[in-house]
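One structure below.
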Amino acid sequence: MSATLRRIVITGFMAAGKTSVATALANRLGCRMIDLDYIITERERRSVPALINDEGVARFREAEGRALRVVLEMGRARVIALGGGAWTVAENRSLIAEHDCFTVWLDTPFEVCWQRITESEEARPLATERETAERLFHERRSIYALAQLHIPAGDDKSIEDLAAEIIRALSA
Ligand code: S3P
């Protein structure tokens, strides 16, 4: 299948800008976008931080995996923004590959992510302390690098620049 018609899955660290870039991308492509954390919240009737705090990370990952399967099997959205940990689960990566999605790693520097995390109103239970977040950031890089397209995403690039860069790569 031509890359331009494939579904696009965006991964990257917490606060990398996945949802914003996915939204801009979907607008440019004239298609629907889905944020996996939003689907989890709808399905579980609780916010992601509440789910993690109430049930623990392992149960959250199970709910995340189920939600991902539903999103991929529904097939209605062409652009999917993952939560930062979804891609780190091997079963999720296999599922995404089975659905022939084009995968993008939005590689935003830690300092940018951390500043956004601390300024955001959104709670991120897995990044409450800088040291833990930074360790997770470095541990996950080699896994994010398994995505098909690597997009360095520093503060010097706007959301629109990043969406345009992904579209150029898709059409190349
Ligand atoms: C997580 C990232 C969060 C959310 C949850 C766990 C992670 O999403 O899914 O708090 O493990 O990186 P964002 O990447 O949108 O912050």
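Remarks
- Cα convex hull of the chain, projected area averaged across orientations, nm²: 9.3
- Around the amide H of D107, modelled in the peptide plane, lie the amide H atoms of I151, A153, all under 5 Å away and 5 or more residues distant in sequence or on another chain.
- Calculated diffusion of segment 1-60, Stokes-Einstein form, Kirkwood radius summed over Cα pairs, 37 °C and 0.692 mPa s, µm²/s: 247
- Based on DSSP H segments of at least four residues, each scored -39500 (n - 2.57), the chain has a per-residue ellipticity at 222 nm of -17000 deg cm²/dmol.
- Other-chain or far-sequence residues with amide H under 5 Å of R7's (modelled H): F102
- A P(r) calculated from all alpha carbon pairs of segment 29-89, with 10 Å bins opening at zero, reads 23, 55, 19, 3 percent.
- Over segment 44-126: Rg over Rh, Cα atoms, Kirkwood Rh: 0.98
- In segment 70-172, the alpha-carbon atoms span a convex hull of 129 Å³ per residue.
- Subtracting the Cα-Cα distance of S171 and A123 from 0.36 nm times their residue separation leaves 13.6 nm of extension gain.
Read the figures in this text as sums done on the coordinates, not as results from a lab. No experiment lies behind these values; they were computed from the predicted model shown.
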